[in-house]
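Beneath this line is the structure, given in structure tokens, with notes to follow.
Where a number appears in this text, it was derived from the coordinates with a stated rule and is not lab data. The model shown is predicted, which means the values in this text are computed figures rather than measured ones. In this analysis, Cβ positions are derived from the backbone assuming ideal geometry, glycine residues included, and neighbour counts consider all displayed protein chains.
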Amino acid sequence: MEWLILIIVGLFGGIVGGMGMGGGTLLIPIMTLYLEIPQLEAQMINLVAFIPMAAVSLIIHFKNKLVDTKKIWYVLPSALIFAVIGALMSAKVDKEVLRAMFGSFMIIISIMFLLKMAVETTIKSINFRNSPNLLKKTTYYVKIFTSNIK
């Protein structure tokens, strides 16, 4: 029965990953929490599954002209260097610490998204018809506040 759950997890992880949102954010918690697969093993399964998912997704996104090739070259060098460092670290870190780090990361990202959503919703609900300057100033500050939350 575990194989069926893994197939379903792969299906949803593929959809999420194909959309560019990171299938691992779905795959890893399901594998560790519900299938009781150890954290490091779940991360390795995710990485192996990620390679073909990313390749197929990238081909489609390139064809649809959704990839900004100029920005890739700013991200790629540091991402590759720190991927090596992260891989070496994950092999040496205690599995419970690794699990806590992953969980903390997920919580922080979730809070950042919720804050951004709350701020944007609040801004939309304010009546700016009588004060267009307030709209400009508020929009400016919201852009600064949320510019790194994406």
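Rank by packing, highest mean first: peptides 100-108, 32-40, with packing defined as the count of other Cβ atoms within 10 Å averaged across residues.
Per-residue mean Cβ counts within 10 Å order the peptides as 32-40, 100-108.
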I need the peptides 42-52, 75-85 ranked by packing, meaning the mean over residues of other C-beta atoms within 10 angstrom, with the highest value on top.
42-52, 75-85
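So for each of 89-97, 5-13 I average, over its residues, the number of other beta carbons within 10 Å; can you give me the resulting order with the highest mean first?
Details: 89-97: 11.3, 5-13: 15.2.
In descending order of packing, they fall as 5-13, 89-97.
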Over segment 22-132, consider all pairs of different Cα atoms and compute the Kirkwood hydrodynamic radius from their mean reciprocal separation; express it in Å, one decimal.
17.3
Using only the Cα atoms of segment 61-118, build the gyration tensor, take square roots of its eigenvalues as a ≥ b ≥ c, and label the shape rounded, prolate or oblate: rounded if a/c is under 1.5, else prolate if a/b is larger than b/c, else oblate.
oblate
So what's the convex hull volume per residue for the Cα atoms of segment 1-67, in Å³?
70
